[in-house]
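Structure, as structure tokens:
The values are calculated or read from the model by the stated rules, or taken from the named source; none is laboratory data. Computed from a predicted model, the values in this text were never measured in an experiment. Cβ sites come from the backbone with ideal geometry, for glycine too, and all protein chains shown count toward neighbours. To get the accessible areas, we keep the full protein, side chains included, count just its heavy atoms, and leave off ligands, DNA and RNA. Shrake-Rupley method; radii C 1.70, N 1.55, O 1.52, S 1.80 Å.
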Amino acid sequence: MLAHVGLASLCAGLLMLAGTWLYLSPQLPSVSALRDIELQIPMRVYSHDGLLIGEFGEKRRIPAAYHELPQQLINAFLTAEDDRFLSHPGVDVTSLLRAAMEYLSSGDFKSGGSTITMQVARNYFLTRERTIARKLNEILLALQIERELPKADILLLYINKIYLGHRAYGAAAAAQVYYGKNLAELTLAECAMIASLPKAPSAVNPLSNPSQALLRRNWILDRMYALAHIDEAAWLEAKTAPITASRHGSPIELEARYVAEIARQKAIHIFGLSAYTRGLRVFTSVDSRHQQAAQRAVTKGLQHYDQRHGYRKTSALLHPPSADGSPGEPVRLEDGVQSWLSALAQHESVSIWQPAVVIESTARHLIALRRNGEQVTLNWNQGLSKAAPYIDENRTGRPPKQAADVALPGDLVWLWQEEHDEDTKNAEDSDWQLGQIPQVQGALVSMDASNGAIRAMVGGLDFRHHNFNHVTQGRRQPGSGFKPFIYAAGLANGLSAASVFNDAPVVFEDELLEDFWRPANASGRFSGPTRLRVALRHSRNLVSVRLLRHIGIGKTVNYLQRFGFNTEAMPRDLSLALGSHAMKPLDLCTAYASLANGGYRVSPHLIQRVETAEQRTIFQMAPAVVPSQANASTTGVTTGSLAPRILDKRVAYILDHMLQDVVQNGTGRRARALQRNDLAGKTGTTNGPRDAWFSGYHPQLTAVTWVGFDQNHLLGSREHGAATALPIWIDYMREALTELPVQPREAPDNLVVVRIDPNTGKPVAPGQESSVFEVFRKENAPQLGTGNDIAESSSPPEEPPRNAAQSQENERLLEDLF
């Protein structure tokens with residue numbers, strides 16, 4: 001009788017299992033989908049030469065291949081999660097019976113009894129609800145997965161998917177987040193720590209709860225030893241190892257956050273929000289060497305400006321926030337180092353400057369505490385002696401006489417490290433210097449003049465401190481930096497570099513300019529009749545205004561469209577001649593690229609190509625390129641159509657020669673420090689001054705620098721384009737041009753050189769003293785009547801000018817043409 005009852009019970013159980021299978025099986029997803037599963041991988045942005053500059057996405061994941069998993073890490077995960085993984089068919093009956101007993105006694109699954117295969121089924125296909133139906137689905141899916149996939153594939157799916165705290169998904173991401181390492185670099189103790197996290201990513205996290213994390217890690221190490229995965233020596237060494245986990249960001253290899261943000265925006269525009277999870281690899285046109293040079297140049301330039309204008313002392317003590325987030329009581333010395341460190345933790349580093357708090361002030365030095373607990377001694381020559389107090393943009397106070405004049409205990413100060421050559425470093429001094437975060441902002445953008453590829457972009461002092469990108473978002477008046485385009489319009493309309501305009505006071509009555517307008521030169525002086533070459537060389541405002549009036553505002557604005565300027569927003573008045581139309585540095589750089597490349601229109605671009613996580617190209621930029629570089633692009637990108645010509649080649653040549661003169665003999669002559677004769681450019685300064693610019697180029701590379709305040713404050717009476725922006729340009733170009741040879745401009749056909757009077761611009765006889773040579777378009781060349789005043793292909797005149805500067809100018813003109 002009992003035998004019949006037992007048989008009936010067995011049959012009933014089998015029927016129930018069969019019924020459950022028949023009911024649930026059609027609802028189960030296909031396991032084959034796991035073979036083609038796409039994990040959510042963040043988008044990563046790279047420089048042209050492959051350095052990581054940004055990572056975007058909610059989940060930090062670095063998919064690993066099975067051969068990249070250290071055996072110790074595999075053993076740690078198996079020990080922690082499923083030590084019978086290699087032997088069971090996807091379901092561990094012992095663990096399931098334990099879970100079933102817990103459910104019968106408490107009405108809830110506590111341990112769950114899930115194998116790694118069951119966790120894979122749940123993580124990829126099911127919800128996390130704790131019900132019998134979901135558990136049955138999990139079991140059936142696990143059995144099905146084990147029939148179709150090898151153990152190694154199942155384990156890899158698990159290790160790449162599992163959440164391990166602090167936005168880290170997968171073991172490779174966790175290794176980076178907690179240790180800043182690749183998987184192969186992990187120690188045994190670190191492997192055990194990572195393997196401890198799936199159970200409770202927050203409760204046993206080494207950052208959030210190190211004491212509990214240590215207990216869980218050591219339990220895993222004990223189990224690994226008991227299961228003979230490690231020997232006694234390794235076990236003891238790992239158990240006594242301290243917790244070394246700390247928060248690590250993405251392994252950014254190149255500081256270019258403004259670039260990364262623009263690339264992110266472009267990628268989202270092209271691919272939508274899925275770009276955050278598809279593992280896209282966005283390669284920009286930015287060159288790491290150029291970017292580093294640009295970052296150093298901008299930082300140095302802003303720091304030097306700030307140092308010229310005095311020390312903005314603050315006597316406020318550090319006030320750590322109270323429980324409700326409001327400022328708390330001042331931190332006192334007797335409160336101890338930990339209180340100071342807690343207060344310092346509220347202040348992040350900005351660019352090269354790091355926060356510290358003064359803990360001791362003597363007659364000739366300060367002792368400051370950094371956020372890492374290090375105490376730094378600042379001697380008198382480490383920034384203290386030069387900390388004259390700021391009064392206003394034009395004045396500083398008297399230099400300090402003692403350290404207490406600069407800072408007192410409790411003051412927040414900012415330190416930066418000065419780089420020394422080993423031969424010049426003073427052994428008694430540390431590398432730290434007293435400084436402060438500049439309030440002024442700056443920007444630099446450079447591009448390949450042949451195709452518009454952006455080579456470097458610095459949108460401000462520090463993206464984390466101020467994420468407004470002055471290159472692409474800031475619109476400021478370019479001042480005299482806009483004049484070359486007015487001159488281009490003049491040359492295109494029949495004028496020459498020798499055309500003369502009066503540099504004299506003038507008053508305009510213009511309704512658009514409200515009442516009367518009296519433009520003036522920055523120097524306050526006037527030079528009378530002046531050739532256009534000389535006027536551009538020395539940035540004479542009155543000549544530019546008269547030039548615009550001569551051409552006509554409407555005709556000039558129409559001409560300016562070819563450079564890509566937004567002419568609809570331009571003022572229809574004579575102030576346009578002085579750069580009154582606000583524009584972005586990127587727009588100005590693009591326009592100057594047309595002057596650098598000989599008169600072709602190129603479009604700026606930052607994204608070079610986009611690849612999938614499998615490195616399949618799904619987007620490729622094909623920019624228009626100037627004809628001479630169509631088969632030799634310096635950026636390595638696929639080229640598209642030929643760039644259209646927007647300037648007559650002879651106009652482009654003459655204007656380029658005039659801008660070279662600005663660098664050699666005019667307002668940009670500081671750039672002669674680069675010791676090259678193939679550079680051209682123009683300074684720019686606005687009223688106040690409030691903005692300082694320098695826009696310049698090599699035939700292959702264009703760069704624009706800007707310095708100013710976001711609040712449009714005055715920079716100071718001595719802060720103009722040549723003094724403030726040009727040094728940044730020089731520092732950048734010094735490094736950027738190291739691989740570009742000197743490239744003389746090739747003169748186009750139908751140009752002639754004529755001997756002229758430097759005062760009148762009219763042709764003179766060969767024997768006249770103080771004459772200069774000037775280049776003209778052949779059909780516009782002035783005629784003296786003798787036939788000897790035009791040099792087309794003959795040798796230079798026998799009687800050179802006596803003036804040395806004029807002689808240099810003549811030599812360059814004749815060398816270029818002949």
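Annotations for the structure displayed:
- Partner lysines for Lys386 [C-alpha distance under 24 Å; skip if fewer than 8 residues away on the same chain]: Lys300, Lys313, Lys401, Lys425
- Computed accessible area, Val742, all protein chains, 1.4 angstrom probe, square angstrom: 80
- For His605, residues with placed amide H under 5 Å, excluding near neighbours: Ala453, Ile454
- Taking each residue as 0.36 nm, the span from Thr314 to Gln743 lengthens on full extension beyond its C-alpha to C-alpha distance by 149.3 nm.
- Centroid-to-centroid, using Cα positions, segment 547-616 and segment 336-411 are 45 Å apart.
- Cα gyration tensor category, rounded, prolate or oblate, for segment 137-227 with a/c compared to 1.5: prolate
- C-alpha center-to-center spacing [segment 726-763, segment 36-56] in angstrom: 42
- Sites Arg549 and Asn687 - FRET efficiency at Förster radius 22 Å, r taken between beta-carbons, to 0.05: 0.65
- Using θ = phi - 60° and Karplus 6.51 cos²θ - 1.76 cosθ + 1.60, couplings along segment 490-504 (whole Hz; Gly, Pro as x): x, 4, 5, 9, x, 7, 9, 5, 9, 4, 10, 10, 7, 8, 8
- Shown are Glu614, Glu138, Glu348, Glu261, whose ranking by accessible area with a 1.4 Å probe and every protein chain present, most to least, is Glu614, Glu348, Glu261, Glu138.
- A simple spin-label model places the labels of Arg672 and Arg464 4.3 nm from each other, with each point 7 Å out along Cα-to-Cβ.
- Cα gyration tensor shape of segment 531-679, rounded if a/c is under 1.5, else prolate or oblate by comparing a/b with b/c: prolate
- Solvent-accessible ranking of Lys762, Lys649, largest area first, probe 1.4 Å: Lys762, Lys649
- Straight-line reach from Lys649: taking Cα to Cα under 30 Å and skipping same-chain neighbours fewer than 8 places apart, the lysines in range are Lys483, Lys555, Lys584, Lys682, Lys762, Lys778.
- Surface calculation, 1.4 Å probe, protein heavy atoms: Asp49 sits at approximately 70 Å² accessible.
- For segment 452-518: rounded, prolate or oblate by the Cα gyration tensor [a/c cutoff 1.5]: oblate
- Heavy atoms of Glu185 accessible to a 1.4 Å probe, total area in Å² rounded to 10: 100
- Per-residue Karplus couplings for segment 657-666, computed as 6.51 cos²θ - 1.76 cosθ + 1.60 with θ equal to phi - 60°, are listed in order as 5, 5, 6, 5, 5, 4, 6, 7, 9, x Hz, Gly and Pro entered as x.
- Of all lysines in the structure, the ones whose alpha carbon falls short of 26 Å from that of Lys181, not counting any fewer than 8 places away in one chain, are Lys59, Lys161, Lys199, Lys239.
- When His466, His657 are compared by accessible area at a 1.4 angstrom probe, the order from most to least is His466, His657.
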